[in-house]
1. Count, please, the residues in the stretch 304-342 that happen to be of a type in the set (Lys, Arg) and open to solvent by 20 Å² or more (accessible area, probe 1.4 Å).
2. Looking at the stretch 151-167, which of its residues are under 18 Å from the mean Cα position of the chain (by Cα) and either in a helix (DSSP H, G or I) or aliphatic (A, V, I, L, M) (or both)?
3. Out of curiosity, is TYR251 of a type in the set (Ser, Thr, Tyr), exposed (fewer than 14 other Cβ atoms within 10 Å of the Cβ) and farther than 26 Å from TYR13 by Cβ?
4. Within the stretch 171-200, work out how many residues are open to solvent by 30 Å² or more (accessible area, probe 1.4 Å) and not in a loop (DSSP other than H, G, I, E, B).
5. Hey, could you check the stretch 201-212 for residues that are in a loop (DSSP other than H, G, I, E, B) and in contact with a strand residue (DSSP E or B) (Cβ under 7 Å, 6 or more places away or on another chain) and say which is nearest to ILE164 (Cα to Cα)?
6. Looking only at residues in the stretch 347-359 that are more than 10 Å from LEU32 (Cα to Cα) and assigned to a helix (DSSP H, G or I), which one is modelled with the highest pLDDT?
7. Would you tally the residues in the stretch 221-242 being out of contact with any strand residue (DSSP E or B) (no Cβ under 8 Å at 6 or more places or on another chain) and either open to solvent by 10 Å² or more (accessible area, probe 1.4 Å) or hydroxyl-bearing (Ser, Thr, Tyr) (or both)?
8. Test each condition in (1) of a type in the set (Phe, Trp, Tyr); (2) without any contact (Cβ under 8 Å) to a residue 60 or more places away in the chain; (3) touching a Leu at 6+ places or on another chain (Cβ under 9 Å) for PHE110 and report the one that comes out false.
Amino acid sequence: MASEARSYDKIVYLLQGGGALGAYQAGVCQALLEHQCEPDWVVGTSIGAINASIIAGNEPQDRIAKLKEFWNMVTVPVPEFIGPENNMLVLQSFNYWVAQWILMYGVPHFFKPKYITPSLFINNTPDKISFYDTTELRTTLEKVVNFKLINQKRVRLTLGAVRIRGGLDVHFDNTKQIIGPEHIMASSALPPGFPAIKIDGEYYWDGGVSSNTPFSVLLEEKISQKLLCFLVNLFTRPEYIPTSLMDIYKYKKEIEFASRHQEVLHYFYELHYLKHAIDILSKTVHDPNIEKMLKKIAQYRHPTSLNIVRFHYRDPASSLWSKDFNFASVAINDHWQHGYNDVQKAFKFSTWLNEMVDESGALVHEF
């Protein structure tokens, strides 16, 4: 499979945020790496930023082991589920109990609770106001990520965050700056649970606050290349009608963090086709006035060709609104295995790998 993948100019991983659901991404990445689809560029937000940094910050032969090391470190040591696996009420009760455990005690090597409520702080700075302390995450990242390797730029790394002042989307990028643990932590600083991270005098929050799907990065950079993009989504818009308060919490979270990647892709198709058509017209129309106008508009055409392979995490009916902070081993292992299996299925029917796109547009393959 490596030869087909390498017929593209670049392989890109785009990893959405989603807390504990990031184990699904790790399973996807493990399978892609085993199929020798090594990335040239990794883009991530929140937990996607952590997975992305582990991949970019390790030698190819060490990436899977380091992903497993991180996820083993942040797995919560709660008792294993014992009971009938087809009893929805029992499963949901177990998941609810795990959520309460984590809210009370935090996640090892990741975050721990502050026992003074942040509502008592007035006139403080955003890096001091949160329910949890993420200091341990820095130590964890230093164990699983080689920052010297990241800053050698062998693999491009882009991390999504939000600059609090102005509420602006920002992208930390190792081709433009030196990346350290603080940049990953900034991309993962979801308020009010986690504190903002201060970098060079500015405060930053989790990129998922504004845009949880980092697809826009590809649209901003007009690269004259053919890209094979693996997009891993952890949230999706549900089709059912919520029937309880817990369902409403869950539904709201799905809509918030699914982002509007579908609309972005739709508008990208339309604009990409339009810009390509304008470019063709500018070369064939000979009326001086129209030609001048078309050439001016043609400056905005997008030269990138995208073959997008999108993997979607699908949660079981027993999952609750707390699924993104359910770091219990049974949940983490299940997410990882589903991600791994989805890629294996995709490669069994790998016609998508040979579908090359010309500069007029893009293709999307759903798994």
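1. Residues in the stretch 304-342 being of a type in the set (Lys, Arg) and open to solvent by 20 Å² or more (accessible area, probe 1.4 Å): 1 in total.
2. The answer is VAL155, LEU157, LEU159, ALA161, VAL162.
3. Here the answer is no, as TYR251 does not meet what is asked.
4. 3
5. SER210
6. The selected residue is LYS348.
7. Number of matching residues: 9.
8. With (1) of a type in the set (Phe, Trp, Tyr); (2) without any contact (Cβ under 8 Å) to a residue 60 or more places away in the chain; (3) touching a Leu at 6+ places or on another chain (Cβ under 9 Å) applied to PHE110, the lone miss is (2).
The values are calculated or read from the model by the stated rules, or taken from the named source; none is laboratory data. Keep in mind that this is a model prediction, so the values were computed, not measured. All Cβ positions, even for glycine, are placed from backbone atoms using ideal geometry, and neighbour counts span all protein chains on display. Keep in mind that these areas ignore ligands, DNA and RNA; they rest on the heavy atoms of the full protein, side chains included. Shrake-Rupley method; radii C 1.70, N 1.55, O 1.52, S 1.80 Å.
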